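J.: Sharing a structure with you now.
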Amino acid sequence: MYKGIIVTTQPAIVQECRDIIEQVGNIELDAYEAIHEIRFDEVFNFLFIVITGIDRQGLTILSRVQSLTPGLAVILYNHSLNFNEIPDLSLTSKVKMIIGENRKSDLAEILKQLQDNYWRKIPYEKFGIQFSRLSPRMKRAMQFIESAPIRDCNISAISSYLNISPGYFSQEFKRETDQSFRSFMQKVIDYYENLIFTKVDLPTKNISQILGYSELSSFSRSFKNRKGVSPSQFKKMMSTV
């Protein structure tokens, strides 16, 4: 399930957004009254942040957050600001302004677009999978992988989400994709690694946590075994591309 955040002191707006999100589906919304209350250690799992009011300090925080994630969209909802008034918000291509009578339908449409274009969307054909031919249950498994914290993308968590046994899920996955779940997830992790190292400026420790590793040493060892260079060396290489 995708995660979204709303920052507002208006309970009516929170409920309005929850109603819209319920219609769109597959999104969990957390509400805060101020942007500094948010724990940004999970920022990579956020699809969007809705804001109804923000000051200069908040803009500074938000600008930093956007530099740490390739996919976070900022939605100024029912808001009177215009882009000329928010120069600190550097990635304006990721900022959406929604005002007026059509704001509910506009927000619903934007949320659908964000889901379709989320940075963690898996390139199925590249991995030898035709998504359209998967069973409804396997499609749900793939959607779980694309939206849940990466550390939770394991056989135990996914089979529990699907309400089937781990053994049955493994067999079903192999039958439908012609590859083991472990092999598939390694391809996904490799793909995410390349995206993260090229799109954001994060310490290697943070990247390892995002990718589900509890220890930096384990991540560094695995990374070097797979790519032939250390994470820091790879980061330097990608910065020159």
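The values are calculated or read from the model by the stated rules, or taken from the named source; none is laboratory data. Since the model is a prediction, treat every value here as computed from it, not as a measurement. Heads up, the Cβs are rebuilt from the backbone with ideal geometry, glycines too, and the neighbour counts pull from every protein chain shown.
J.: If you take the residues in region 54-110 that are under 19 Å from the mean Cα position of the chain (by Cα) and among the polar types (S, T, N, Q), which one is modelled with the highest pLDDT?
T.: S63
J.: Can you run down the residue pairs with Cβ atoms below 9 Å, 6 or more apart or on separate chains, where the first is in region 174-201 and without any contact (Cβ under 8 Å) to a residue 24 or more places away in the chain and the partner is among the hydrophobic types (A, V, I, L, M, F, W, C) and part of a helix (DSSP H, G or I)?
T.: As it stands, the answer is K174/F181; S180/F173; R182/I155, since those pairs meet every condition given.
J.: Read through the list (1) surrounded by 15 or more Cβ atoms within 10 Å (Cβ to Cβ); (2) part of a helix (DSSP H, G or I); (3) in contact with a Leu (Cβ under 9 Å, 6 or more places away or on another chain); (4) not β-branched (V, I, T), then give the number of the only condition that K187 fails.
T.: Status for K187: all satisfied but (3).
J.: With respect to S208, determine if the residue is in contact with a Pro (Cβ under 9 Å, 6 or more places away or on another chain) and either surrounded by fewer than 17 Cβ atoms within 10 Å (Cβ to Cβ) or modelled with pLDDT of 80 or more (or both).
T.: So S208 passes the test.
J.: Of everything in region 94-141, what is part of a helix (DSSP H, G or I), of a type in the set (S, T, N, Q) and closer than 30 Å to R182 by Cβ? Give them in sequence order.
T.: If the condition is that a residue be part of a helix (DSSP H, G or I), of a type in the set (S, T, N, Q) and closer than 30 Å to R182 by Cβ, then Q115, S132 are the ones that fit.
J.: Okay, moving on. Of everything in region 148-175, what is assigned to a helix (DSSP H, G or I) and of a type in the set (A, V, I, L, M)? Give them in sequence order.
T.: I150, I155, A157, I158, L162
J.: If you don't mind, there's one more thing I want to ask. Scan region 24-39 for residues that are within 18 Å of S105 (Cα to Cα) and either surrounded by 14 or more Cβ atoms within 10 Å (Cβ to Cβ) or not assigned by TED's automatic domain parsing to the domain that holds L59 (or both) and jot them down.
T.: V24, N26, I27, L29
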